[in-house]
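Structure first, commentary second.
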Amino acid sequence: MSIHIGAEPGAVASGILLPGDPLRAKYIAENYFENPVQFNKVRGMYGFTGTYRGKRVSTMGSGMGMPSISIYATELMRDYGVKTAIRIGTCGSMSLDLHIKDMIAAEGASTDSDINRIFPGTYCPVADFDLLRASVRIAKEKGLSMRVGMVLSSDCFYQEELTGPRSNELWIKYGALAGEMETAALYTLAKKYGVRALSLLTVSDSIVGKEAELSADERQTSLDNMICTALDTLCEFV
Ligand code: HPA
């Protein structure tokens, strides 16, 4: 037991998929794992361990935003021995040539958050290169297109004062492909605990253009390409 995860020691595999939504973790366990066993239900943040292609793997929700993923990632890495973590999430595209359902691998994550103001300078949260490279290769093998680039991990989904057109303009000018809310914290904590981490993201809406948004149901069910890419990548590291 850790403070927020009600699992026995050893109940979590060394490799884990971290969707934001705990119901998506349930969906992955039910549709992709053999013999899934639930290891957490504290706060409804479901976590499961099972096997995929003969490898023991886990999945658990991370919640929304950097405070939430920081709590779960810390306990998984520090207390449960997680060594490889792949976030799978949605993002809002900040580039007009990225469209709904496109996939992005986040090589780095800028942030408007104060969460990394623990450093005497500006920290640069980056993905594990081997994981990143493997995910690009695996997506290609599946015939899926994947963009690799920098994303913005924001504290805000709605506050236009912070995330409005003027600030977006600057992030876009300096190369941000999409906005989401977790990756900068995950990458930073992964380095702290010597863990490999990667974020794979599917575009669910556009921050800069007008595109039809994915419905909640579509969000739940239309992410299979990303889930397969993430699971196949994870399997090479466990
Ligand atoms: N902003 C932040 N996070 C997101 C978005 C967005 O537009 N879309 C999906 N996750």
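The values are calculated or read from the model by the stated rules, or taken from the named source; none is laboratory data. Fair warning: this is a prediction, and the values are worked out from it, not measured in the lab. Cβ: placed from backbone, ideal geometry, glycine included. Neighbour counts: every protein chain shown. Calculation scope for accessible area: heavy atoms of the full protein, side chains included, ligands and nucleic acids excluded. Shrake-Rupley method; radii C 1.70, N 1.55, O 1.52, S 1.80 Å.
Averaged per residue, what accessible area in Å² does the chain show with a 1.4 Å probe, protein chains only?
Details: 11260 Å² over 238 residues.
Per-residue accessible area for the chain comes out at 47 Å².
Between the stretch 146-216 and the stretch 45-65, what is the C-alpha centre distance in whole Å?
One Cα centre to the other: 23 Å.
Could you tell me what percent of the accessible area of the stretch 33-130 is made up of carbon and sulfur, with a 1.4 Å probe and every protein chain present?
Accessible surface attributable to carbon and sulfur in the stretch 33-130 totals 54 percent.
Please report the Cα spread of the stretch 85-238 along all three principal axes, rounded to whole Å, starting with the longest.
Extents along the principal axes, in whole Å: 41, 41, 25.
Show that you can apply the helix-only estimate: for the chain, add -39,500 (n - 2.57) for every DSSP H stretch of four or more residues, divide by all residues, and state [θ] at 222 nm to the nearest 500. Can you show the working numbers first?
On the way: 8 runs with 79 residues, N = 238.
Roughly -9500 deg cm²/dmol at 222 nm, from the helical runs in the chain.
With a cut-off of 8 Å between alpha carbons and a minimum separation of six or more residues, what is the relative contact order of the chain in percent?
Numbers: 519 pairs, mean separation 63.5, N = 238.
For the chain, the relative contact order is 27 percent.
Provide the gained length on full extension for the span Met64 to Tyr193, in nm with one decimal, where the gain is 0.36 nm per separating residue minus the Cα-Cα distance. Mind dumping the intermediate values first?
Values: separation 129, 0.36 × 129 = 46.44 nm, distance 2.13 nm.
Here the answer is 44.3 nm.
For Lys101 and Glu30, what is the calculated FRET efficiency with R₀ set at 22 Å and r taken between the beta-carbons, to the nearest 0.05?
Details: r = 22 Å, r/R0 = 1.01.
Between Lys101 and Glu30 the formula returns 0.50.
So what does Cys156 come to for accessible area, using a 1.4 Å probe and Å² rounded to 10?
Its accessible surface works out to 30 Å², give or take rounding.
Please identify every one of the trypsin sites (Lys or Arg not before Pro) in the stretch 125-189 that sits in a loop by DSSP and has no more than 16 other beta carbons within 10 Å of its own beta carbon.
Values: sites: Arg133, Arg137, Lys140, Lys142, Arg147, Arg166, Lys173; in loops: Lys142.
Counting only loop positions with at most 16 other Cβ atoms within 10 Å, the trypsin sites (Lys or Arg not before Pro) in the stretch 125-189 are Lys142.
Mind grabbing the accessible area of Leu23 for me, 1.4 Å probe, Å², rounded to tens?
Spelled out: Leu23, probe radius 1.4 Å, area about 90 Å².
By how many degrees, between 0 and 90 and to the nearest 10, does the Cα long axis of helix 183-192 differ from the longest principal axis of the chain?
Around 50 degrees separate the two axes.
Indicate, rounded to the nearest 5 percent, the antiparallel portion of the DSSP beta bridges found entirely in the chain. Can you show the working numbers first?
Working: 17 of 45 bridges.
DSSP beta bridges in the chain are roughly 40 percent antiparallel.
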